[in-house]
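Only one structure is covered here, and it is reproduced in the block below.
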Amino acid sequence: MPPSVRVTFRALEGSQVEEIWRRQNGECRHDLSGALDHDPPWAPMSLEQVRSKLEERGKKERAALLTVWSSEESFVGVGAYDADWDPACPHLLLLIWPEYRRRGYGTAAARLLLESCFRETLAHVVGAYVPDFSREGLAFAESLGFQRAGVERRAGMKDGRFFDGVFLDLLRREYEGHRESRKGA
Amino acid sequence: MDNLTGKLVRLRPCRDADFEYFATLKNDLRTQAWNQRMPLCYTAAKMRDRFAERLKDPHTGIYAIETSEGQLAGLIEHHEGPVRFAATLGIILGMEHWGKGIGREAQELVLRFLFEERGLQVVRLWTTSANERMVRAAEKAGFRLSARLRGAASSGGSGWTRS
């Protein structure tokens, strides 16, 4: 990651809802349908549907839906922190829009999220979930120190085939070790 | 298949009289399955309200487990999601009924219903690695261990893995 890459998180506002809706109707349909809990995942959503799903998500306790911004003020993706089930084991989600990938925004945003989890909360493990067809997503999670915890067999169907969902987790001590090794590098 | 009746058990809808027993099971750390975050202060009324809320979802089933002698032994539930594709199963059995094949048959009846009558592709079950009895029972019923989420639960003051 270039050392100059910086991102910030902001709360989700109305204009970004439209951008998320545009993405769900475009190249990020499958990724966003999962994040928006939309079934069927192949179907486009209306702006109203997207707004309603985001509002529903916003009602969860100990959860945050974040927009990711570059230092050039571009809206580059979305992130989510969800500790609704258990504050000690939050679940993270990150999606960078395709044209902003491979520029370091994902890594910067993920590190910021992890830093918030382990430095600002009592989390002792952080979880993530990536479908097995997303080799890029899996490699990205592993580059952050996440380890594969197992799979959810037949998590869904895509392109006429069943796919598995891969559970990943990162313990606090592993994160701290990873962090220290980055400092030393 | 003929309803949800086996040799040892019958699965039936819950009745008002069942909730006192269900509350007792939820208030015992040994029988409230892996969900040990809840305070141990369940009442019959609270159980009834929770079940009524969950049963508003047409894809959730909650059954009382009754022995062939008509004795209430526990409860078993399933929740489909995505509908007609996958379901998650949960079971709580009173300790006095452990080791008699009751839980295994109740689980088998629900699995047959879900796979054969609902046509599901996959049924999931979560427990903690501390609950070795449940892990063994699940494996006997044909479940395969597919994931272990590290540090996802605690028991007896120690961290445990959820699998």
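The values are calculated or read from the model by the stated rules, or taken from the named source; none is laboratory data. What you are looking at is a predicted structure, and each value in this text was computed from that prediction instead of being measured. Reconstructed Cβ throughout: ideal geometry from the backbone, glycine too, with neighbour counts over all protein chains shown. Heavy atoms of the whole protein, side chains included, go into the accessibility calculation; ligands, DNA and RNA do not. Shrake-Rupley method; radii C 1.70, N 1.55, O 1.52, S 1.80 Å.
Taking the solvent-accessible surface of protein heavy atoms with a 1.4 Å probe, what is the per residue accessible area of the range A:1-95 in Å²?
Working: 5130 Å² over 95 residues.
I get 54 Å² per residue for the range A:1-95.
Give me the percent of accessible area attributable to carbon and sulfur for the range A:1-86, probe 1.4 angstrom. Carbon with sulfur: 52 percent of the solvent-accessible area.
Interface between chains A and B: roughly 1600 Å² of accessible area buried, both sides summed (probe 1.4 Å, protein heavy atoms only).
Under 24 Å of direct C-alpha separation, and excluding same-chain neighbours fewer than eight residues apart, B:Lys140 reaches these lysines: B:Lys7, B:Lys100. The relative contact order of chain B comes to 20 percent, based on Cα pairs under 8 Å that sit 6 or more residues apart.
Round to the nearest 0.05 the FRET efficiency obtained for B:Ser68 and B:Arg144 when R0 = 25 Å and r is the Cβ-Cβ distance. Step by step, r from the Cβ atoms, then E = 0.25. Every Cα-Cα pair in the protein assembly as shown was counted, and those over 30 Å apart are 44% of them. Exposed loop sites, defined as trypsin sites (Lys or Arg not before Pro) outside DSSP H, G, I, E and B with at most 13 other Cβ atoms within 10 Å, are absent from the longest region of chain B, namely B:85-143. Per-residue ellipticity at 222 nm, computed for chain A from helices alone with -39500 (n - 2.57) per DSSP H run of at least four residues, works out to -11000 deg cm²/dmol. Rounded, prolate or oblate: pick one for the range A:80-175, where a ≥ b ≥ c are the square roots of the eigenvalues of its C-alpha gyration tensor, a/c under 1.5 means rounded, and failing that, prolate if a/b is larger than b/c, else oblate. In terms of gyration-tensor shape, oblate.
Please list, by residue number, everything in the range A:7-33 whose backbone N is under 11 Å from a paramagnetic label point 7 Å out along Cα→Cβ of A:Arg179. So the set is empty, nothing qualifies.
The alpha-carbon positions of the range B:90-143 define a convex hull whose volume is 78 Å³ per residue. Note on chain B: helix-only mean residue ellipticity at 222 nm, from DSSP H runs of 4+ residues weighted -39500 (n - 2.57) and normalised by residue number, equals -7000 deg cm²/dmol.
What GluC sites (Glu not before Pro) in the range B:1-109 are in a loop by DSSP, with at most 11 other Cβ atoms within 10 Å of the Cβ?
B:Glu69
For a straight C-alpha distance cut-off of 29 angstrom, the lysines reachable from A:Lys60 (same-chain residues fewer than eight places away being disregarded) are A:Lys158, B:Lys26, B:Lys46, B:Lys56. Rg over Rh for chain A works out to 0.94, both radii taken from alpha-carbon positions and Rh defined as the Kirkwood radius. Annotation: the antiparallel percentage among DSSP beta bridges lying fully within the protein assembly as shown is about 90. Accessible surface area normalised per residue over chain B is 52 Å², counting heavy atoms of protein chains with a 1.4 Å rolling probe.
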